[in-house]
1. Quick one: residue 114 ticks every box in (1) over 27 Å from residue 160 (Cβ atoms); (2) loosely packed, with under 13 Cβ neighbours inside 10 Å bar one, so which box is it?
2. For a quick check of your reading: which helices (runs of 4 or more DSSP H) sit entirely within the range 65-182 and have at least 1 residues that are closer than 21 Å to residue 30 by Cβ, touching a His at 6+ places or on another chain (Cβ under 8 Å) and at pLDDT 95 or above?
3. Among the residues of the range 9-44, how many are surrounded by fewer than 20 Cβ atoms within 10 Å (Cβ to Cβ), under 13 Å from residue 108 (Cα atoms) and touching a helix residue (DSSP H, G or I) at 6+ places or on another chain (Cβ under 7 Å)?
4. Given (1) surrounded by fewer than 18 Cβ atoms within 10 Å (Cβ to Cβ); (2) outside any helix (DSSP H, G or I), where does residue 51 come up short, assuming only one miss?
Amino acid sequence: MLILMDAAHEDIVRAHLAYQNESVKASVRLREHLRETDGPIADGSVESLIAINLWFQERLIIEANRPGGLSTPSWWGSAPLVDSDSQEAGPFTSQQLNIIDEVQAYLAEVMLETLPGAELAIYSGDPCDWRNGQTAVRYGLHRFEFPVSVAYSVALDVVLYRRPVGAGVLATVVESKTSEAA
């Protein structure tokens, strides 16, 4: 993943604007992807996240072996992918990264609609926090959630660690933040 904690302010702003632009496109791609695969309906509700999470986990495995050629999301940075010859390769193919991108964008969309006063913001915390410079959903004055990290964590559990992930994990993230914001 792209780490921005030591990046120049201009680079952080550029990454934030790229995230905003790509996120809208990723949400559209998710809905198209869901239609093409007879997946669940992305109606923007917290409840839809349960069915989408199940679809997401299935697609991560199915998409792993599809031919490449997709570009990677800007939040990934330039790290090599699993299907490269590099020993420093990440655990995902470009297809899997694009599914992660689609789901994280939809999760952000649901959070922005559900959490009172939520907005996309650049995170700035402790100087040693690797998340500094990352785009997050800010709700309340000092509360942040990182949709990329949430979707990425689910994908790591499914693809790399082969651990089961509960169907409600994405919905629970939004529900817990909603109760925090109240």
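1. Among (1) over 27 Å from residue 160 (Cβ atoms); (2) loosely packed, with under 13 Cβ neighbours inside 10 Å, residue 114 violates only (2).
2. Values: elements: 94-114, 147-155, 169-181.
Hits in the range 65-182: 94-114.
3. 2
4. So the condition that residue 51 fails would be (2).
The values are calculated or read from the model by the stated rules, or taken from the named source; none is laboratory data. None of these values were measured; they are calculated from a predicted model. As a convention, Cβ positions derive from the backbone with ideal geometry for all residues, glycine included, and neighbour counts pool all protein chains shown.
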